[in-house]
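All remarks here apply to the structure that follows.
What follows is calculated from the coordinates using simple rules that are stated; it is not laboratory data. It should be emphasised that the depicted structure is a prediction, and the values quoted were computed from it without experimental measurement. Here the Cβ is made from the backbone with ideal geometry for all residues, glycine too, and neighbour counts use every protein chain on show.
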Ligand code: SAH
Ligand code: SF4
């Protein structure tokens with residue numbers, strides 16, 4: 001890497017150096033996985049990202065030029081992605097192009113795309129992997145089974161990543177049948193895997209039992225072989241970015257998931273099964289998931305009960321056994337959720353998607369800001385950092401000419417100065433149907449320097465997997481199909497109009513979309 005260090009992101013934390021995946025046999029994918037290579041492997045495109053020299057971000061962008069007008073790959077009648085070697089047809093219940101479009105919100109032109117009308121129900125049988133502490137023991141007791149069966153089942157679920165009852169090899173056949181009757185051994189299917197960044201990023205579209213589609217992204221960070229006398233050697237890391245909801249009600253206009261609208265909350269098992277699937281794919285090569293980040297589809301703090309259950313399972317040494325320090329949960333600013341977490345004490349690292357330090361602009365970029373404005377979000381995050389002693393990370397997606405001005409850098413530094421906080425600047429991943437583009441590298445570098453100069457820690461993060469539709473929600477959005485051109489044009493117009501008004505300093509007078517208002521009122525109930 002010629003002495004350059006590349007910073008990972010947007011779903012990654014800490015230092016990492018990306019090596020050449022094709023040279024590393026550990027990075028081969030288990031053969032059972034169905035993979036389409038998107039465009040990344042075929043073109044041999046290098047890793048997009050930001051370069052860092054001598055521990056200082058230079059902000060020199062080495063990735064492809066961002067093009068937010070990249071057309072959405074049209075879908076054919078079967079829902080299969082045209083142009084890319086997709087593996088399986090879309091599920092029958094995948095939504096049609098115009099299905100369920102939210103007539104009240106012109107920014108949701110794809111409508112309820114991550115789900116059909118039938119996709120609003122969780123699976124009928126609870127997932128075995130998502131059972132609350134003690135529930136398996138209670139069920140076994142009611143079945144007249146000895147207590148040690150619980151350990152056997154957990155081992156199969158979490159060490160062997162069993163996905164069918166036939167894989168519960170230590171159990172008698174009658175018990176396996178009873179388990180099948182009572183529980184779902186697996187709650188998700190891998191519908192399509194897209195590999196990019198020369199094998200370093202694997203993006204998976206998962207099909208849920210009711211037809212809903214969610215995504216997870218596995219990012220490999222190979223070990224640094226030689227670190228030099230004064231630098232520590234870093235172990236290989238495999239970070240999995242997972243979804244907490246199908247779709248998202250918040251509706252950030254730069255986010256592919258936001259355009260889909262809200263489908264439903266994921267069940268606990270549907271959250272942790274994303275981890276089991278990735279762990280199963282890594283296992284044949286003797287590799288493990290080392291970090292889990294809730295930065296996939298959905299707003300985790302609007303499904304907080306399930307997210308907390310999932311984190312408890314993932315950190316339980318009898319189950320997945322991942323240290324809570326290796327888990328990051330990102331929120332767009334659900335203040336009651338942050339305050340609830342503060343009362344619980346440190347559960348994981350908290351990240352806050354800020355994207356603007358000024359309310360008028362944040363009203364547009366993160367519509368939830370109309371309910372919980374910047375000052376309230378940062379106050380809650382500050383209290384959380386003080387109470388837990390854990391630094392809060394702030395995500396800031398850089399959008400050219402929108403939130404990347406000197407004024408914004410100053411506002412950000414003023415807002416966070418003196419806090420136990422760190423800012424991650426992420427150049428916007430290209431997504432369809434926004435009028436925006438990523439800030440150019442020199443603007444990102446200047447912005448970073450300005451914030452750093454005012455005493456706030458900043459890292460410039462790399463965009464991973466752009467050739468696999470890096471922005472979470474993009475694969476599901478592609479399945480939803482291309483909305484009619486007038487709807488797309490109208491969406492762009494509305495976003496431009498709203499952001500221009502915001503840049504003139506006017507706060508949004510728009511009320512929250514109905515599904516977001518509903519989600520917020522649920523969130524306030526905590
Ligand atoms: N809903 C939560 C977690 C999921 S989104 C949240 O918003 O925090 C995870 C991160 O991806 C957020 O910081 C989000 O702003 C960012 N993101 C979404 N779309 C993006 C895009 N097009 N480019 C770069 N980052 C994006
Ligand atoms: Fe939802 Fe996060 Fe996307 Fe905003 S960025 S729409 S909160 S998933």
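The protection proxy used here, the mean number of other Cβ atoms lying within 10 Å of each residue, ranks peptides 363-373, 395-405 as follows, highest first: 363-373, 395-405.
Apply the a/c threshold of 1.5 to the C-alpha gyration tensor of region 236-380 and tell me whether it is rounded, prolate or oblate.
Working: a/c = 2.12, a/b = 1.68, b/c = 1.26.
It comes out prolate by the Cα gyration axes.
Once you order the gyration tensor axes a ≥ b ≥ c over the Cα atoms, which shape class does region 173-321 get: rounded for a/c under 1.5, otherwise prolate or oblate by comparing a/b with b/c? Let's see the in-between values first.
Values: a/c = 1.84, a/b = 1.26, b/c = 1.46.
Oblate.
By the gyration tensor of its Cα atoms, with a ≥ b ≥ c the square roots of the eigenvalues, what is the shape of region 275-321: rounded for a/c under 1.5, prolate for a/b over b/c, or oblate? The shape class here is oblate. Highest-first packing order for the peptide set 275-283, 243-251 is 243-251, 275-283, based on the mean count of other beta carbon atoms within 10 Å.
Going by how many other beta carbons lie within 10 Å of each one, how would you line up 315, 506, fewest first? All intermediate terms of the calculation are to be shown ahead of the outcome.
Values: 315 19, 506 12.
Arranged by neighbour count, lowest to highest, 315, 506 become 506, 315.
Here, region 375-506 has an Rg and a Dmax of 16.9, 50 Å when only alpha carbons are counted. For the pair residue 376 and residue 359 in one chain, pulling the backbone fully straight at 0.36 nm per residue adds 5.0 nm over the alpha carbon distance.
Dividing the convex hull volume of the alpha carbon atoms of region 151-246 by its residue count gives 160 Å³ per residue.
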